[in-house]
1. Classify the stretch 62-220 as rounded, prolate or oblate from the Cα gyration tensor: take a ≥ b ≥ c as the square roots of its eigenvalues, call it rounded if a/c is under 1.5, otherwise prolate when a/b beats b/c and oblate if not.
2. Would you list, by chain and number, the lysines whose Cα falls below 17 Å from the Cα of Lys117, excluding same-chain residues fewer than 8 positions away?
3. Roughly how many Å² of Glu16 are accessible to a 1.4 Å probe, to the nearest 10?
4. Treat every Asp and Glu Cβ in the stretch 64-132 as -1 and every Lys and Arg Cβ as +1, leave all other atoms uncharged, and give the resulting dipole magnitude about the Cα centre to the nearest 20 debye.
5. Rounding to the nearest 20 debye, state how big the charge dipole of the chain is about its Cα centre with +1 on each Lys and Arg Cβ and -1 on each Asp and Glu Cβ.
6. Could you tell me the accessible area of Ser32 in Å² (1.4 Å probe, neighbours in place), rounded to the nearest ten?
7. Ignoring ligands, DNA and RNA, please state the percent of accessible area on the stretch 9-152 from carbon and sulfur, probe 1.4 Å.
8. Can you grab the distance from the C-alpha centre of the stretch 293-370 to the C-alpha centre of the stretch 177-219, Å, no decimals?
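The values are calculated or read from the model by the stated rules, or taken from the named source; none is laboratory data. Since we're looking at a predicted model, the values are computed, not measured. Here Cβ is always computed from backbone atoms with ideal geometry, including for glycine, and neighbour counts include all displayed protein chains. For the accessible areas, the whole protein counts, side chains as well, though only heavy atoms, and no ligand, DNA or RNA atoms are used. Shrake-Rupley method; radii C 1.70, N 1.55, O 1.52, S 1.80 Å.
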Amino acid sequence: MKTLIRSAKIICKSSEFHGQTKDIFIENGIISQIGDFVDMEVDDIIEGEDICVSVGWFDMRVHAKEPGHEYKESLESMEETALAGGFSEIALLPNTQPVVQTRESVNYLKRSGVKVKFHPMAAVTLKCEGKDFTEMIDLHEAGAVAFTDGEHPIQNPDIFLKSLQYLTQFGGLLINHPEDTHLTHFGQMHDGTVSTFLGMKGMPQMAEEIMLMRDLKILEYVMQTPFSQGFTDESILHFSCISSAQTINFIRMGKDMGLPISCDVAAHQLCFTENDLVDFDTNLKVNPPFRTQEDVDALWEGLADGTIDVIVSDHNPHDEESKKLEFDMAEFGVIGLETVFSSINTNNEKLSLEEIIEKITDNPRRILRLTNPTIKEGEKANLTVFAPNKTWVYEEKKIVSKSRNSPFIGKTLKGKVIRVIA
């Protein structure tokens, strides 16, 4: 197969062609030539107005529904959805049925990706129940890229402490969503003026902030003990799906102290606030909930100054029976793989295009200890071609995912994926 990408601006800081507009000739999956006016007989030409090409995008937080809930999203449909969103690689949470907690389940997911590479994350505790540990060394050797209980934040501080102590022995990464679930129990949306007006129980910011402060304090303790011997500069604790302005301040202070931490934000968190829930649209019911405009502004600032390392989709498909209900009965979560870049690009006022791409390519791979591909001759092609200025409407009938629970349906977005070559 011979493919030619015609006149595309290369966005790849590790490439000598970064910022230049070039033709890229790909033959049998290898970048054979990069130059001006490449003239080759090819099977396929990719071209368009003001198109760009970067390293293939990487999503660090995807809720896999297979095995267990294939009717919401199968691995096959998830793969096609990822391609539609520009992603060549995705990391999968372990909250399937059964939970990803064995060598066999890790290998099953690794083998399942055909067009998109799947990177399984394994559970920290059996069945993600926060009680007994999984065989983390065995899972690490099988290919688990990180350890997390995913949708279930680690509530027990002793379990959290021992997890960090254990993982530092072999350079593992612990991912935790900071949330004290005792404070958010029965909560439906952000605890504020709008929740009071609508008569719904709120989910206070302090639930996130208290848990994050606890995690930072435990990590600080671990770093002062012999368990940290052999530690490198890599992050060993990653906070996923942060949403509060104060949380960002705490992470910023932790990084200033030299703690080995990193964090991500879900793309949809940057596009909506609590005010958007006044119509009780269950497609806007997410965890963490949409918060205030001040929080959204702080998230953008955190991305701009590097406090927030990664942008994720938090892709969480649900069928109609899980979403077309009274608001307090509906499941949390939205689909997002197809709209990550477009939603960020549409609402962006802080980041350069290069900074957006870095947070969905280089940074997630670095945090997960994966090799970062680059764009140069002789390298395997792992590329995403996109048109950053093209506008389009996200129509329900054109959604690739099996599920339709998106808050972006009917909205005009800026930035369109053209092709993934990997």
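1. oblate
2. Here the lysines satisfying the reach criterion relative to Lys117 are Lys65, Lys380.
3. 140
4. The dipole of the stretch 64-132 has a size of about 180 debye.
5. Dipole of the chain, to the nearest 20 debye: 380 debye.
6. Result for Ser32: roughly 50 Å² accessible.
7. 45
8. 19
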